[in-house]
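Here, each number is a calculation from the coordinates, and none is a lab measurement. The model shown is predicted, which means the values in this text are computed figures rather than measured ones. A quick note on method: Cβ atoms are made from the backbone with ideal geometry, for glycine too, and the neighbour counts reach across all protein chains shown.
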Amino acid sequence: MGAYTGSATAPRTLLLGRYDEAGRLRFVGRTTTLPQSAGRALAGLLTPATVHPWAGWSFSAVWGSRKTLEVTLVESQLVVEVGVDVARDSGGRWRHPARWHRARSDVAPGEVPLVE
């Protein structure tokens, strides 16, 4: 995970990342709106980033829109489980929002399969 939208006490969506073979954190998609209980629970698990590979990036609010999201970049220490469909764009990002399942404190970022 690389960033979130919403407040620090109740994030609304997550911007998801996976590492590639070169060790770069690649943006792969974002979640649907989180249930309020999930957002509140996640708040204590997120650490604002001091240095982040996505610094200076802008993320569109919806596909094809010029409106940008206000995001908070976080340290990429938290693994989350999401449900996705197989549709991807030319950059390898999921075309549709991922459905939130749960935080995975039992899985380290290095244990997640690399993005292709």
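In this calculation the C-beta distance from Ser58 to Ser90 is compared with R0 = 25 Å, giving a FRET efficiency of 0.85.
The Cα atoms of the stretch 63-116 define a convex hull whose projected area, averaged across directions, is 5.0 nm². In this Cβ point-charge picture (+1 for Lys and Arg, -1 for Asp and Glu), the chain has a dipole of about 440 debye about its Cα centre.
Residues whose amide H lies under 5 Å from that of Gly17, counting only those 5 or more places away or on a different chain, are Gly2, Val28; hydrogens are built 1.01 Å from N in the peptide plane. I'd like to know which of Ala43, Thr68, Met1 lies farthest towards the positive end of the charge dipole of the chain, counting +1 on Cβ of Lys and Arg and -1 on Cβ of Asp and Glu. Farthest towards the positive end: Thr68. Label positions at Leu45 and Asp20, each projected 7 Å from the Cα along the C-beta direction, are separated by 2.7 nm.
For the stretch 3-107, the calculated P(r) over all alpha carbon pairs, in 10 Å bins from 0 to the bin holding the longest distance, is 14, 50, 34, 2 percent. Taking the Cα centroid of the stretch 78-116 and of the stretch 21-52, what is the distance between the two, rounded to the nearest whole Å? Each part reduced to its Cα centre gives a spacing of 11 Å.
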